[in-house]
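K.L.:
Sharing a structure here in structure tokens format.
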Amino acid sequence: MKSRLSILLICALLSACSGFSSQPISRFELQTPRPFGYLIGDEIRHRVVVETRTEMSLNPNSVPKQGEINRWLNLNRVTIETDGETGDTVIDLVYQVFYAPNEVKMLVVPGFTLQFKQAGKRVEQAVPSWNFTLSPIKELAVRKDEGGLNYMRPDALPMPLPTQTQWMGIYASLTLALSTAGYLAYLYGYFPAWPKRRIFKRAAGELSRLSERELERGLAVIHHALNTLNGRPLFKHKLSEFYQAHPEYRGATESMDWFFNFSNQVLFAGKQDFGLEDWRKLNDLCRLCRDIECGRL
């Protein structure tokens, strides 16, 4: 009985051990894209997936190096990722082709051999070559024009970008800028078509060229400006009619009363004891009327 039991245990152990793979590389896969439809300059991506025993390690020198493979094929990038727990190794290769065929041509990405190390021994896994087709970027038959020269077909013109919104913004900005400039010019009396908007501006310019010793001339300048605005000579007893025609000048009533009283004293009563303070009030009246004329008050 004991011998039979031993034989059964040995058979069970052998059958259990036979369930494990004795191969050092349990999985190999070369993942590639479509093998057609490529043009000069295109990149081609390959991925190599290898599953090995955990104690095995990849020899990185067996992986192709980044750079020129041959005269028409470059290896642009190489990435190696290894999982030490599962034994999985993933190698990403990015090739770029620089062949310019005259017709559809089949080319080959060369294969290589991966090398793994295990307990001082070397295990190899061949990565097969990969065939693909490359298409030309010019016509197979060169056409001629009427003069016998090579026919040059122009590139298709790109669709124009819509600019309606941008132009509307430009027009709106220009309109706003012109309106603002026109309004400011109107306020400051730069339009000759509105001479009454520049009356006190000219008066202020004339006063700036006079001194306080020329006060009588200054009074005449202000009188001329008021007469021009009124359309006829303006006297103190006509101020009420003036305010009815130009109500915006009611804010200068106090200064206007002072002006006519002072003017009567100087021009008709022979007043001579005027000074710098009177000259300042006269300029203040001119500036006040100028602000009213420009719409600032």
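The values are calculated or read from the model by the stated rules, or taken from the named source; none is laboratory data. Please read all numbers here as calculations on a predicted model, not as lab measurements. Neighbour counts are summed over all protein chains in view; Cβ atoms, including those assigned to glycine, are modelled from backbone coordinates with ideal geometry. Remember, those area values only see protein heavy atoms, side chains included, never the ligands or the DNA or RNA. Shrake-Rupley method; radii C 1.70, N 1.55, O 1.52, S 1.80 Å.
K.L.:
So, of the residues in segment 122-144 that are open to solvent by 80 Å² or more (accessible area, probe 1.4 Å), assigned to a loop (DSSP other than H, G, I, E, B) and not aliphatic (A, V, I, L, M), which turns out to be modelled with the highest pLDDT?
P.N.:
Selected residue: 138.
K.L.:
In this structure, does residue 25 turn out to be open to solvent by less than 70 Å² (accessible area, probe 1.4 Å) and at pLDDT 95 or above?
P.N.:
In short, no.
K.L.:
Just one of the numbered conditions (1) open to solvent by less than 30 Å² (accessible area, probe 1.4 Å); (2) under 25 Å from residue 134 (Cβ atoms) is not true of residue 70; which one?
P.N.:
For residue 70, the exception is condition (1).
K.L.:
From 125, 115, 66, 96, grab the single residue that is of a type outside the set (Ser, Thr, Tyr) and touching a residue at least 60 places away in the same chain (Cβ under 8 Å).
P.N.:
So the residue among 125, 115, 66, 96 that is of a type outside the set (Ser, Thr, Tyr) and touching a residue at least 60 places away in the same chain (Cβ under 8 Å) is 125.
K.L.:
With a cut-off of at least 1 residues that are farther than 23 Å from residue 205 by Cβ and open to solvent by 50 Å² or more (accessible area, probe 1.4 Å), name the helices (runs of 4 or more DSSP H) lying wholly within segment 224-297.
P.N.:
Ranges flagged: 239-245, 253-267.
K.L.:
Moving on to the next point. Can you report the number of residues in segment 73-89 which are within 23 Å of residue 23 (Cβ to Cβ) and surrounded by 15 or more Cβ atoms within 10 Å (Cβ to Cβ)?
P.N.:
Residues that pass the stated criteria total 4.
K.L.:
Here is a further query. Just to check your reading of the model, which residue among 219, 207 is in contact (Cβ under 8 Å) with a residue 60 or more places away in the chain, within 20 Å of residue 271 (Cβ to Cβ), crowded, with 16+ Cβ neighbours inside 10 Å and within 57 Å of the chain's Cα centre (by Cα)?
P.N.:
Being in contact (Cβ under 8 Å) with a residue 60 or more places away in the chain, within 20 Å of residue 271 (Cβ to Cβ), crowded, with 16+ Cβ neighbours inside 10 Å and within 57 Å of the chain's Cα centre (by Cα) holds for just one of 219, 207, which is 207.
K.L.:
Moving on to the next point. When residues of segment 97-110 are filtered for being open to solvent by 40 Å² or more (accessible area, probe 1.4 Å) and either in contact with a strand residue (DSSP E or B) (Cβ under 9 Å, 6 or more places away or on another chain) or assigned to a strand (DSSP E or B) (or both), how many remain?
P.N.:
Of the residues in segment 97-110, 8 are open to solvent by 40 Å² or more (accessible area, probe 1.4 Å) and either in contact with a strand residue (DSSP E or B) (Cβ under 9 Å, 6 or more places away or on another chain) or assigned to a strand (DSSP E or B) (or both).
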